[in-house]
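Values in this text are rule-based calculations from the coordinates and carry no lab data. None of the values given here were measured: they were computed from a predicted structure. Glycine also receives a Cβ, built like all others from the backbone with ideal geometry; neighbour counts cover every protein chain displayed.
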Amino acid sequence: MAVKTRLLFILLALLAAAMPALAQDEGPSASSAPVRVDGRVIFYVGPSEDISAAARAEQIEKRLESLLEDSTAIAPAVIEESGPDTRLITIGGSTIVTVTTTDAEDNVTDIDTLAAEWAGAIDTALQRGIERRQTGRWSVVVLIDSAFARLLESLRTTLPRILAALFVLALFGLIALLVRGLMQRGFGRVDYDLTSENLIKQLIYYGIWMLGIIVAVSALGFDPQALATAIGLTSVALGFALKDVLSNFVSGLLLLVMRPFKLGDQIVVGETEGAVEGIELRVTRIRTYDGRVVLVPNGELFTSRVTNNTAAPLRRASVMIYLTYKDDLARAMALALAAARGTEGVLQEPPPSALVRDLEPTDVALELRFWTDSRRSDFLATRSRVSEATVAALRDVGVGLPDPAKTTIVIDHD
């Protein structure tokens, strides 16, 4: 769950960082802009030949605001024909807005009908503005009303997109969970490598989430291609900010593909030793032999020296035996070998072996070597049984083992 949350956070962070670059490519808001009076939208205008839609809307708003500052000079809007393709809406001889055939095409109507609609909207908006100012509701109250009007207008245009995006994310999240559940059942019915199974499940699960985020971006009104471009522009800054997370993510993919160890293997990394319980995209879960769970970042695992104790099915163990110089070494070695061969868990091939390891001042060190299962539980249990059997065999025939409570002092009379 922690990995899913962090991955979703990375994707959302990329999306948030790309928002400013995406905003200029957004469909409807890029091709038209609202004209407001006291914060209330009266109609929308598109771009003209030499000015953008936003700049054109701001120009019209300034003209209407100038009229409201001196309400005595406001006259009804008049439509004038300045050519076959344009109509002028004027008030008191001053041009407020020029209506073009392009505006009419954008509103799916003819130029005269559109000019009449805009002229009526301007008259109504100006009349309401005059009434607000004459009743003393201007200033703070009107500004607050204007702010709420802008907020409601934004909600009307953005809330449906946000709800659609959330629905898409919820839908793809449900699909990802269902697909993962089906894969879990399918893999459970066949004998399949757990590490490969884990890799396939994670790639498909997060791939569905990625597809869902792309569709959600489209539902918000953004172009996925613009999103990719914007992410490319912000990837350097995000790379520095999230370098550790991304490093662990990439390392996790490489560990799953290269498979230096698999689920169930018993490994040693640094001071941590235990069995691999899970290889996720950010961390690897290792359960130590005392029952604790250690989360090791994948970046550390990928760059550190890792000892895999169970990479091979067999592992050699050894038991040290200390004898006095008075004992028969050949006989003791034969007894130790016989005890090892008869112990449960010791393999006959490769056969056990015994050799003199060191000559100490007071005793002789023998090393009894044998092969057993590489898993730690079997390895330690077999080693313990071999130690018990060796001590018992030597004691039965009277071979004396060193007593640490006794110290031998050799006096040189020369």
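Based on a Kirkwood Rh over C-alpha pairs, give the Stokes-Einstein translational diffusion coefficient of the range 35-75 at 20 °C and viscosity 1.002 mPa s in µm²/s. Translational D for this selection: 196 µm²/s.
Extension gain for S66 to A392 (0.36 nm times residue separation, less C-alpha to C-alpha distance): 106.4 nm.
Legend: P(r) of the range 282-341 from all alpha carbon pair distances, 10 Å bins from 0, whole percents, reading 15, 27, 20, 17, 16, 4, 0. Database remark: amide H of L263 closer than 5 angstrom to the amide H of T195 (H placed geometrically; neighbours at sequence offset of 5 or more, or on other chains; Pro and chain starts carry no H). Our compactness index for the range 262-414, the C-alpha radius of gyration over the empirical 2.2 N^0.38 Å, is 1.38. Computed from label points 7 Å out along Cα-Cβ, the spacing between D290 and L174 is 4.7 nm. Restricted to Cα atoms, the range 253-308 shows a radius of gyration and a Dmax of 9.9, 30 angstrom. Note on the range 253-308: with charges restricted to the Cβ of Lys and Arg (+1) and Asp and Glu (-1), its dipole about the Cα centre is near 160 debye. Sequentially through the range 342-349, phi angles give Karplus couplings (6.51, -1.76, 1.60; θ = phi - 60°) of x, 8, 5, x, 7, 7, 7, 10 Hz, Gly and Pro residues having no value and appearing as x. Within 10 Å of each residue's Cβ, count the other Cβ atoms and sort D290, D112 from fewest upward. Sorted ascending by nearby Cβ count, the order is D290, D112.
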